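The values are calculated or read from the model by the stated rules, or taken from the named source; none is laboratory data. Being a predicted model, the structure only gives us computed values, none of them experimental. Every residue, glycine among them, receives a Cβ derived from its backbone with ideal geometry; neighbour counts consider all protein chains shown. For the accessible areas, the whole protein counts, side chains as well, though only heavy atoms, and no ligand, DNA or RNA atoms are used. Shrake-Rupley method; radii C 1.70, N 1.55, O 1.52, S 1.80 Å.
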Amino acid sequence: MAFSSADWTIDYSAKTVTNNDSGTGNNLPSATGDYSKVGTILEFFQWLATEFASTSQMDDTYPIESQTPTVYKWLNGWTFGHADDFKYLKGGSIEDPAGSGTSTADTLWANLYSIGTQESGTQLYLIQNDAEVTPWWITGNIDILIKVKDTGTWVQSVDTSGTLTDGGVWIYAREFGDTYDHNFADLSGGGRNPIGINTAADSGNKSGELYVTVSDSTGFTVGQFAKDTTTGAVGKIAKISGNDVYLNAVRGGTITASNTLAEYSERECVNASGTSSTISSITDVVAGYSSITVTFGTISRDLNNGNGAQTYDAEIDCNAQSMADTYEYLKYLTRYGSSDTLNGDAGQEYRSANEGSYSEVKVAPFGTLAGTTFYGAQGIWVTNYASADFVLKDSSGTEQAPPNYQNVFVTHASLNGCNIFVAEISAGDVVKNQYTINSTTSNTIVATATIDINKTPQSGSLRVDDTVYTYASFSGSTFSGVSPDPTGETGDFYVPLLDITADATSEQSDNIIYNSDISVRTSVRKYGFKPYDVDTTFGSTGLSFSPILTTDPQAT
């Protein structure tokens, strides 16, 4: 645009140049939805230089100097008149060498512009000195001036190597539902600085942050925006199922039940496209994942893959959720606007378990999802998962893949109440002397030999003669979390692959590491049914069976 005195006011006494809209806040791009009042610093210079080249200005000090087409400097004590003035400029930098006419050191506004392709409606955001810069720009690629030096003091940020850097700034794109991206820029040299930011739709984000049930979803469009017309909250429509409108990147307020949801056009989110509907309910989709927890701190963990215990920096307790659900929740914790604390920082700033040392997974900072398999970022350990569908990297960056975890799975419509027993056999008999007790405590049993990890469920039951004990875990030669109290037990014992009384129509053992086939006996017993006893094999895909449960007419 071409600037004029209608856009800026020159105060010759104060030696300031002030944008006529600055200070109101209502005409910044973030409020108007466009850049109609933003122009290049070259255009600003050309207008100001023209003004001061006129005959009437010959007795006034000259205000500005061009050093290159994108680098400018205030002269003779001239400067901006308002703190927001630089927000109406783009395309270059400007320096105030005298600090608003005083003898203090200089102030620098550097230019940052993004290049790349983002999903529509992506709000880029900046982090300076570990704090977010309140956006005055609209969605999509940006071209803005940033104050990086203030009257002699640099605004500093920690760079990619963990070094505090003068004039540094981070730029992020993290809309839940899309892949993420971030980069660091050193703006201490002023001028014009490009930075790449690219995002794409994330197939692993299937849920949306929340969904709004409306009276009629006809006319709402995936990829467009929806706005609560009462509160002003805006979200991007991720998917529509019946009258449920799923929203991502919700910001600007709170979606509230009984208000009206209206569809708005891309980018502006200002002019309604004609579709509106009353909200009847709101459901926070990811709230169901909130029992997943992340704990930071150095830990030693053994994946039982033959590599022994390794060091990790964070443990994710999946709370028996799938890796796909866990992935979504981790993305949610690190989305734009997240204030959850992760490793001492806001979730929207989290980059890795050891920032400055570990390679960063920009698209998803805790790790990526391919199909249903989670590929963890460096230093991330997962536990208490629904299935071992993951590949991890320990703190050294070495890939750690889980062993071939398999299960015993049994199902039948009449299984509830049945005793289920699956155990190793040899020469036609159940092997009841796998181990010998060395010692006991109130909640442990220690064997005389190392427990065979390739035949033992991660948790389950063990038998000393006909007494059944449960255990929570094992390591080396010790079973831990044993119940009831095994104190005083001696002699031989063994560990069935599954040994429970069913309380549902299907039951499953905990994970068992498959190394080679195991001959087993499967037995299902319940008074009223004829006994089911079949010898079979626990193999590379585990063991699934459905017993034949025939009513015994004599058992009445």
* Structure fact -> Expressed in nanometres to one decimal, the distance between label points 7 Å along Cα→Cβ at Thr278 and Thr556 is 6.2 nm
* Structure fact -> Expressed as a whole-number percentage, the relative contact order of region 419-489 with C-alpha contacts under 8 angstrom and at least six residues apart is 30 percent
* Asked: Regarding region 371-411, what is the average projected area of its C-alpha convex hull, in nm²?
  -> 3.7 nm²
* Structure fact -> The relative contact order of the chain, taking Cα pairs under 8 Å that sit 6 or more residues apart, comes to a percentage of 8 percent
* To do: Grab the Cα-Cα distance for Met1 and Ser387, subtract it from 0.36 nm times how many residues apart they are, and report the gain in nm with one decimal.
  => 133.1 nm
* Asked: Hey, what number do you get for the chain at 222 nm if only DSSP H runs of n ≥ 4 count, each worth -39500 (n - 2.57), divided across all residues, to the nearest 500?
  -> -1500 deg cm²/dmol
* Structure fact -> In nm, the gap between the two label points placed 7 Å beyond Cα toward Cβ at Glu65 and Asn438 is 8.1 nm
* Asked: Carbon-plus-sulfur fraction of the accessible area of the chain, 1.4 Å probe, in percent?
  -> 45 percent
* Rounded to the nearest 10 Å², what accessible area does Tyr375 show when all protein chains are kept and the probe is 1.4 Å? -> 100 Å²
* Asked: Under a straight-distance cross-link criterion of Cα-Cα below 19 Å, which lysines are reachable from Lys15, leaving out those fewer than 8 residues away in the same chain?
  -> Lys73
* Distance from the Cα centre of region 127-151 to that of region 189-253, in angstrom? -> 23 Å
* By DSSP, what percent of the beta bridges with both residues in the chain are antiparallel, rounded to the nearest 5? -> 85 percent
* To do: Post the alpha-carbon centroid distance, region 394-450 to region 43-73, in whole angstrom.
  => 82 Å
* Asked: Under a 1.4 angstrom probe, counting protein chains only, how are Trp154, Trp137 ranked by accessible area, largest first?
  -> Trp154, Trp137
* Asked: Straight-line reach from Lys432: which lysines have a Cα under 18 Å away, not including same-chain ones fewer than 8 places off?
  -> Lys455
* **In nm, spacing of pseudo-spin labels at Asn515 and Ser459 (7 Å Cα→C-beta vector)** => 2.4 nm
* Structure fact -> Relative to the chain, whose Cα atoms define the longest principal axis, helix 41-52 and its Cα axis are tilted in degrees, nearest 10, by 20 degrees
* To do: Consider all pairwise Cα distances in region 383-475 and report the whole-number % of them above 16 Å.
  => 70 percent
* Asked: Roughly how much of Val363 is accessible, in Å² to the nearest 10, using a 1.4 Å probe?
  -> 60 Å²
* **Paramagnetic label zone (point 7 Å from Cα along Cα-to-C-beta, Ile548; backbone N under 12 Å) in region 523-542** => 530-534
* Asked: Tell me, what does the Kirkwood hydrodynamic radius of the chain come to in angstroms if you use every pair of distinct C-alpha atoms?
  -> 28.4 Å
* Is there a pair in Lys147/Lys236; Lys149/Lys236; Lys37/Lys227 whose C-alpha atoms are over 27 Å apart, and which pairs would that be? -> Lys147/Lys236; Lys149/Lys236
* With every protein chain present, what is the per residue accessible area of region 387-515 (1.4 Å probe, Å²)? -> 44 Å²
* Average Cα contact separation per residue, region 504-556, under 8 Å, 6 or more apart, as relative contact order % -> 34 percent
* Asp244 to Val430: FRET efficiency via 1/(1 + (r/R0)^6), r the Cβ-Cβ distance, R0 41 Å, to the nearest 0.05? -> 0.20
